[in-house]
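Asker: Provided herewith is a single structure, encoded as structure tokens, for subsequent inquiry.
The values are calculated or read from the model by the stated rules, or taken from the named source; none is laboratory data. Here the structure is a predicted model, which means the values were calculated and not measured. Don't worry about glycine lacking a Cβ; one is built from the backbone with ideal geometry, like all the others, and counts go over all protein chains shown. Please note that ligands, DNA and RNA were not included when accessible areas were found on the heavy atoms of the full protein model with its side chains. Shrake-Rupley method; radii C 1.70, N 1.55, O 1.52, S 1.80 Å.
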Amino acid sequence: MDAPAALTPLAGPAPATIGEETRALARLALPLAGANLLQMAVYAIDVMFVARLSAIDFAAATLGVFLFGLLMWALMGLTGACAPLIAAELGARAHAVRQVRRSFRMAMWLAMVSSLAAIVLLANGERVLLLLGQDPHVSRRAGAFLGILLFALLPNIWGSVMRTVAAALGRPGWAMLVTAGAVGVNALGNWLLVFGHGGFPALGLEGSATASVITAVAMMLAYALILAFDPRLRRYRLFGKWWQPHWRRFREIVRIGTPIALIFTLEGGLFGGAAFLMGLIGVTEVAAHAIALNIAALAFQVPLGISQAATIRVGMAYGARDHAWIGRAGWAAIVGGTGFMVLTATFIWLAPRLVIGIYVDPGDPSRAGEVALAIRYLAVAAAFQLFDGAQAVGAGSLRGLQDTRAPMLIAAFGYWVAGFGTAIFLGFHTPLRGVGIWIGLAVGLFVVSGLLVVRWAMRDRLGLLPPRAA
């Protein structure tokens, strides 16, 4: 028999003021942002070890991780559509336990089905990269790398679903603890397997891929244990009736999640495409672009965490059919995410050489060219930090309203018509070159963030709100 709805951990009165909502949002967002930053550390460890291998292996890993990451983020977006559904169920408080379990189960089923298609693509990674015009030697090594890394895909997607559900049910702190453990597991795995320490064979590039698989499986198992034994979470018996389908919920997740997956693909493709454009200009430009982009990505993890929290908070208010609460939750997130990016933009603008020092020595004469270019790119990055934060949190707030199709169309236009079009024109038809490509990225983010925030502001007139509670 299902546990009563009264056991729902997040059930409670709606925050009466914007201050109360901001505090509730922060309690949810801070652990998620911390987990995102730690996940960046996991990726950084891979780069640190693989960078010490040959130039061909490093290039192969870069291309392989780009292809793997693009597919992984798309599938995380697809299955992550369970978050607004679960949040709405908790907000409505009607049969929440049964409904939450159905959403979780169908998201896990969808992860398994969708991962199979992606795994087939990754298994043919060498052919894909050759079709994209990449160097044959690099493509061959990338194919071998992906042939192992593909085993990390399903554990990563399942782990992402479990992390999302734990956060939606009021336990976001586990995400940060599990990811902190993953940093240690990945570092140890790379140390043992890449260069053959501790009596293990030196597997090189394949060793790094194996370490990533081990880390993904360890994270998945950790989340499974948390869902099964955490006192707040085990009452949902999330792994119960695992074999039982609920096709209507499956279709709802696909309906909401497919546009999210496409949004992630469009945004990731824009920045990946910018790297290919830089490659047409020069090697130094590619290196400078990678440095600046990593710095911008590091800052982005905090508004990304706020966006994830916004989806849950707005989703709960949506389920409760409380229009005032919806407005407080969304605006608190948008102001918080954009406000944080004001701080990062100011820091990047005032001390670019200091942040570049995270990745390379700015005083090294051999790196002078890429450092000079990275500083110019970061000047543009400082400007688009505000737009990047606003688009992330705006999209997250709209996902809480289960509004994903129109944001997908906005992303397609903003990123690929306005953004990529501007990057091509300024990068290859003006003297701006690499700076012009970065201005194109800024234009894309500006257009998308503006249209998403306007759509949020017009949510009532656009019919995005539920009927008011009686």
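Asker: Using a 1.4 Å probe, what is the accessible area per residue for segment 164-309, in Å²? Don't skip to the end; give the middle numbers.
Answerer: Values: 5980 Å² over 146 residues.
Heavy-atom accessible area per residue stands at 41 Å².
Asker: Still on this model: Is segment 193-236 best put as rounded, prolate or oblate by its Cα gyration tensor, with a ≥ b ≥ c the root eigenvalues, rounded for a/c under 1.5, and otherwise prolate when a/b is larger than b/c, oblate when not? Let's see the in-between values first.
Answerer: Values: a/c = 7.47, a/b = 3.69, b/c = 2.03.
Note, shape of segment 193-236 comes out prolate.
Asker: What ranking do 237-244, 150-157, 45-52 get when scored by the average of other Cβ atoms within 10 Å per residue, highest first?
Answerer: On the way: 237-244: 12.4, 150-157: 22.0, 45-52: 18.2.
Packing order, densest peptide first, comes out as 150-157, 45-52, 237-244.
Asker: Follow-up. Karplus couplings for segment 288-299 from phi (6.51 cos²θ - 1.76 cosθ + 1.60, θ = phi - 60°), rounded to Hz, Gly and Pro as x?
Answerer: Computed from phi, the couplings for segment 288-299 are 5, 4, 5, 5, 5, 5, 5, 5, 5, 5, 4, 5 Hz.
Asker: Follow-up. Rounded, prolate or oblate: which one fits segment 30-127, using the alpha carbon gyration tensor with axes a ≥ b ≥ c (rounded when a/c is under 1.5, else prolate when a/b beats b/c, else oblate)?
Answerer: oblate
Asker: Follow-up question, since we're still on this one. For a protection proxy built on the mean count of beta-carbon atoms within 10 angstrom, sort 65-71, 274-280 highest first, please.
Answerer: In decreasing order of mean packing, 65-71, 274-280 become 65-71, 274-280.
Asker: Using only the alpha carbons of segment 359-406, what is the convex hull's orientation-averaged projected area in square nanometres? Walk me through the numbers on the way to the answer.
Answerer: Details: hull surface 19.4 nm².
The orientation-averaged projected area of the Cα hull of segment 359-406 comes to 4.9 nm².
Asker: How big is the C-alpha Rg of segment 337-423 next to the rule-of-thumb value 2.2 N^0.38 Å, as a ratio? The partial results should precede the final answer.
Answerer: Working: Rg = 16.6 Å, N = 87, 2.2 N^0.38 = 12.0 Å.
Here the Cα radius of gyration is 1.38 times the empirical estimate.
Asker: Next question. Quote the convex hull volume per residue of the chain, based on C-alpha atoms, as a whole number of Å³. Mind showing how you got there, number by number?
Answerer: Details: hull volume 66.0 nm³, N = 470.
Each residue corresponds to 140 Å³ of Cα convex hull volume.
Asker: Can you work out the FRET efficiency for the pair Leu116 and Arg23, with r the C-beta to C-beta distance and R0 = 30 Å, to the nearest 0.05?
Answerer: Numbers: r = 42 Å, r/R0 = 1.41.
Rounded to the nearest 0.05, the efficiency is 0.10.
Asker: Quick one: net charge of Leu445's neighbours, Cβ under 12 Å, K/R +1, D/E -1?
Answerer: Values: positive: none; negative: Glu267, Asp388.
Charge balance near Leu445 sits at -2.
Asker: On to the next question. Kindly express, to the nearest 10 degrees and within the range 0 to 90, the angle between helix 205-229's C-alpha long axis and the longest C-alpha principal axis of the chain.
Answerer: Its long axis makes an angle of about 10 degrees.
Asker: If you find the alpha carbon centre of segment 357-390 and of segment 129-158, how far apart are they in angstrom?
Answerer: A separation of 29 Å, based on Cα centres.
Asker: Now, a different point. If I model a spin label as a point 7 Å beyond the Cα along the Cα-Cβ vector, how far apart are those points for Ala180 and Ala469 in nm?
Answerer: In this crude spin-label approximation the distance works out to 3.5 nm.
Asker: Can you send over the carbon and sulfur percentage of the accessible area for the chain, probe radius 1.4 Å, protein chains only? Each step should come with its number before you reach the end.
Answerer: On the way: 13650 of 19450 Å².
Exposed carbon and sulfur together represent 70 percent of the surface.
Asker: Ordering Arg251, Arg399, Arg353 from largest to smallest accessible area (1.4 angstrom probe), what's the sequence? Mind showing how you got there, number by number?
Answerer: Working: Arg251 145, Arg399 35, Arg353 115 Å².
My answer, sorted largest first, is Arg251, Arg353, Arg399.
Asker: Under 18 Å from a label point 7 Å along Cα→Cβ of Ala202: give me every residue in segment 44-63 with its amide N that close.
Answerer: Only 48-58 pass the distance filter.
Asker: Computed over the Cα atoms of segment 188-298, what is the ratio Rg over Rh, Rh following Kirkwood?
Answerer: Values: Rg = 21.1 Å, Rh = 18.8 Å.
Radius of gyration over Kirkwood radius for segment 188-298 works out to 1.12.
Asker: How many Å² of accessible area per residue for segment 342-470, probe 1.4 Å? Could you put the intermediate results ahead of the total?
Answerer: Numbers: 5800 Å² over 129 residues.
Using a 1.4 Å probe on heavy atoms only, each residue of segment 342-470 averages 45 Å².
Asker: Same structure again: Arrange the peptides 128-136, 177-185 so that the one whose residues have, on average, the most other Cβ atoms within 10 Å appears first. Before the final figure, lay out each step's value.
Answerer: Values: 128-136: 14.6, 177-185: 18.0.
Descending packing order for the listed peptides: 177-185, 128-136.
Asker: Looking at segment 316-470, what % of the alpha carbon pairs are farther apart than 27 Å?
Answerer: Details: 4433 of 11935 pairs.
Value for segment 316-470 (Cα pairs over 27 Å): 37 percent.
Asker: From largest accessible area down, sort Thr422, Thr258; use a 1.4 Å probe on the protein chains. Display every interim value, and only then the final one.
Answerer: Values: Thr422 35, Thr258 55 Å².
Descending accessible area places them as Thr258, Thr422.
Asker: Run a plain Debye calculation on segment 317-383 (Cα atoms as equal point scatterers, no solvent) and give log10 I(q)/I(0) at q = 0.16, 0.21, 0.27 Å⁻¹, rounded to two decimals, same order as the q list.
Answerer: -0.63, -0.83, -1.08
Asker: State, to one decimal in nm, how far the label point of Ala55 lies from the label point of Val335, with both points 7 Å from Cα in the Cβ direction.
Answerer: 5.3 nm
Asker: Something else about it: Sorted by accessible area with a 1.4 angstrom probe, largest first, how do Leu386, Leu116, Leu445 fall? Before the final figure, lay out the partial values.
Answerer: On the way: Leu386 60, Leu116 105, Leu445 0 Å².
Most to least solvent-accessible, the answer reads Leu116, Leu386, Leu445.
Asker: If you don't mind, there's one more thing I want to ask. Between Gln244 and Asp460, how many nm apart are label points set 7 Å from Cα along the C-beta direction?
Answerer: Label at Gln244, label at Asp460, 4.1 nm between them.
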